[in-house]
1. Which order do peptides 91-101, 107-117 fall in by mean Cβ count within 10 Å, highest first?
2. What does the C-alpha gyration tensor say about the overall shape of segment 65-119? Classify as rounded when a/c is under 1.5, otherwise prolate if a/b is larger than b/c, or oblate.
3. Spin-label point model (7 Å from Cα, Cβ direction): what's the SER108 to LEU21 distance in nm?
4. Give, as a single signed number, the net charge of other residues whose beta carbon lies under 12 Å from the beta carbon of ALA85, with Lys and Arg counted +1 and Asp and Glu -1.
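What follows draws every value from the coordinates through simple rules; no lab data is involved. This structure is a prediction, so every number in the text was calculated from the model and none was measured. Note: ideal-geometry Cβ built from the backbone for every residue, glycine included; neighbour counts use all protein chains shown.
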Amino acid sequence: MWKMIKRLCGLGALASVGYGLWWAFDRRTPGRVAWEAQPAPGTAADEPTTGPRPEPTPEPRAAAWVESADDGSCPLTHPVKSKQASGIFHVPGGASYARTRADRCYRSADAAITDGLRAAKR
C-alpha cells in the first residue's frame, strides 16, 4: 500500500517537472503569440484606426421597475404588478390582477423574473 502511494507521489512530482519544462520552452518559442494577447473576433482590434471615433450615445431606456402609486395601481408603461413580501407578480388578464395592490410595477414579466419574482399560478 505504502509503496503504491510513494510511486503515485513520485509520478506527480515527475509530471509537475515535465509541465514546468514544457511551459518554459513554449514561452521561449520565437514567433509565438500568447493566446491571452490575441484579440477576440469582432472587437475593436478588427476595426481600422483612421482617426478618433465618436463616443456612442446611450439609448434612453425605461427603468425595469417603478414604485406603484399610493392606491397600488401601475402606470401603463409598467403593467406587471408585484408583491415583494410574497415574491409573486401578476400580469394583466390574470385572475388576481385587478384586486392586487402592487408594491412595484414592472415593465415586463421578464423584468420581474430577473428581479427574482415568480409568476402567479392563476
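1. 107-117, 91-101
2. Since a/c stays below 1.5, the shape of segment 65-119 is classed as rounded.
3. 5.8
4. Working: positive: LYS83, ARG101, ARG104; negative: ASP103.
Computed value for this residue: +2.
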